[in-house]
Amino acid sequence: MKWIANEEDVGSRLDIFLQKKNEGKTRSHIKHWIEDDLVLVNGNKVKSGYNLKLSDEIDLKPVVEKVLSSKPQDIPIDIVYQDKDIAVINKSQGMVVHPAVSNYDGTLVNALMYNLDNLSSINGVIRPGIVHRLDKDTSGLLVVAKNDQAHVSLSEQIANKTCKRIYWAIVEGVVKSNGEIITQIGRDPKNRLKMAVLESGKGKTAHTIFRVIKTWDKYSLVEFELKTGRTHQIRVHSAYMHHPIVGDKLYNPNKCKFNLNGQLLHAKKLTLIHPTTHKEMTFECDLPDYFERVISILDNSK
């Protein structure tokens, strides 16, 4: 499909323009089209925030999309807490959060639909109840919304940084002091599967605070606090500070010595304001057995 920008379109963001032309599509949906090079302006690739000029020619290539939906599946999950508004899940390593083209079932969403009585509908039939995500091989706490009112409240808390998320990780090398990292993170231009630290203005602000819990000869146990929630944020920032997470096959070039199935990154603590009672709630979960095993090996090594 093609459009020519007229006087009314001048100054409009490209993603908003396309959203108006494609009823029912979210801006996130449109952004993926642009990132996948399905949209050209005057024959050139541009960003979602490009401001249209008079007579710009917008070309949208044919989009072939597979319709996905989620179905309940009897998959055991660790429900740390639940009431009529929210549920807090301790996700296991290896579980994908929601269905996608490469994972149609066996996800956390499939398990939630079977194990919980209600889920919010804001994210549609593919991601019901999902307010935030954890990577497939990251374990730990994740809050789920059981109705739309709770979903809006939790989303606002994450956006306003009033929802506190604490992670523990074992990283390569000795981290000598506490600190924070503030960078721009975006899609790695050399590898679409990865995120990367980019130059100013080319990504989204990512802010991570880190505290050293324990060190060994060649490794460190570090606590990370997310102030923003960018894709792969802790994994990217750990690699950026030259202390990649042990077992991270995507961001750690070093060979793992501990026979792991993924990165040693665990969402250990979660603090939020309850959507209905407005009381602060804090949840904490133990480290997984394989994580504790590595700590034991390091404690006993000389």
Revision key, fill the gap. Reported set for the range 13-49 where residues are open to solvent by less than 30 Å² (accessible area, probe 1.4 Å) and under 23 Å from GLY186 (Cα atoms) is LEU14, ASP15, PHE17, LEU18, ILE30, TRP33, ILE34, VAL39, VAL41, SER48
**Study point:** Breaking point among (1) farther than 21 Å from LEU226 by Cα; (2) not in a loop (DSSP other than H, G, I, E, B), for LEU154
**Key:** (1)
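Working only within the range 156-192, note down all residues that are of a type in the set (D, E, K, R), free of Cβ contacts under 8 Å to residues at least 60 places away in the same chain and farther than 15 Å from ILE209 by Cβ. Break it down into steps so the answer makes sense when it comes.
Kept after step one, since they are of a type in the set (D, E, K, R), are these residues of the range 156-192: 156, 161, 164-165, 172, 176, 180, 187-188, 190, 192.
With the extra rule that they be free of Cβ contacts under 8 Å to residues at least 60 places away in the same chain, the set shrinks to 156, 176, 180, 188, 190, 192.
Those that are of a type in the set (D, E, K, R), free of Cβ contacts under 8 Å to residues at least 60 places away in the same chain and farther than 15 Å from ILE209 by Cβ: GLU156, LYS176, ASP188, LYS190, ARG192.
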Review point. What about VAL197, is it open to solvent by 30 Å² or more (accessible area, probe 1.4 Å) and part of a strand (DSSP E or B)?
Key: yes
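So which of THR215, THR271 is open to solvent by less than 80 Å² (accessible area, probe 1.4 Å), more than 22 Å from ILE182 (Cβ to Cβ) and among the polar types (S, T, N, Q)?
Among THR215, THR271, only THR215 is open to solvent by less than 80 Å² (accessible area, probe 1.4 Å), more than 22 Å from ILE182 (Cβ to Cβ) and among the polar types (S, T, N, Q).
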Check your understanding: When residues of the range 95-135 are filtered for being at pLDDT below 85, assigned to a loop (DSSP other than H, G, I, E, B) and open to solvent by 40 Å² or more (accessible area, probe 1.4 Å), how many remain?
Key -> 10
Check your understanding: What number of residues in the range 146-188 are under 19 Å from the mean Cα position of the chain (by Cα), open to solvent by 30 Å² or more (accessible area, probe 1.4 Å) and over 21 Å from LEU119 (Cβ atoms)?
Key -> 8
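If you check LEU272 against the conditions, is it touching a Cys at 6+ places or on another chain (Cβ under 7 Å) and either of a type in the set (D, E, K, R) or closer than 21 Å to ILE158 by Cα (or both)? Explain how you work it out, then say what you get.
Details: touching a Cys at 6+ places or on another chain (Cβ under 7 Å): yes; either of a type in the set (D, E, K, R) or closer than 21 Å to ILE158 by Cα (or both): yes.
Yes: the conditions hold for LEU272.
Can we say ALA159 is aliphatic (A, V, I, L, M) and modelled with pLDDT of 95 or more? Please lay out each step first, then the result.
Details: aliphatic (A, V, I, L, M): yes; modelled with pLDDT of 95 or more: no.
For ALA159, the condition - aliphatic (A, V, I, L, M) and modelled with pLDDT of 95 or more - is not met.
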Point to revise | Cβ-Cβ under 8 Å pairs, at least 6 apart or on other chains, the range 41-56 side under 11 Å from PHE17 (Cβ atoms), far side aliphatic (A, V, I, L, M) and open to solvent by 80 Å² or more (accessible area, probe 1.4 Å) | key: ASP56/ILE4
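Residues in the range 253-261: is at least one in a strand (DSSP E or B) and either in contact with a strand residue (DSSP E or B) (Cβ under 9 Å, 6 or more places away or on another chain) or surrounded by fewer than 20 Cβ atoms within 10 Å (Cβ to Cβ) (or both)? Spell out the reasoning first.
Restricting attention to the range 253-261, the residues satisfying the condition of being in a strand (DSSP E or B) are none.
Scanning the range 253-261, I find no residue that is in a strand (DSSP E or B) and either in contact with a strand residue (DSSP E or B) (Cβ under 9 Å, 6 or more places away or on another chain) or surrounded by fewer than 20 Cβ atoms within 10 Å (Cβ to Cβ) (or both), so the answer is no.
Using the structure shown, decide if ASP9 is touching a residue at least 12 places away in the same chain (Cβ under 8 Å) and farther than 25 Å from GLY203 by Cβ. Don't jump to the end; show me each part of the working.
Values: touching a residue at least 12 places away in the same chain (Cβ under 8 Å): yes; farther than 25 Å from GLY203 by Cβ: yes.
Criteria met by ASP9.
The values are calculated or read from the model by the stated rules, or taken from the named source; none is laboratory data. All values derive from a computational prediction rather than experimental measurement. Note: ideal-geometry Cβ built from the backbone for every residue, glycine included; neighbour counts use all protein chains shown. The area values use the complete protein model at the heavy-atom level, side chains included, leaving out ligands, DNA and RNA. Shrake-Rupley method; radii C 1.70, N 1.55, O 1.52, S 1.80 Å.
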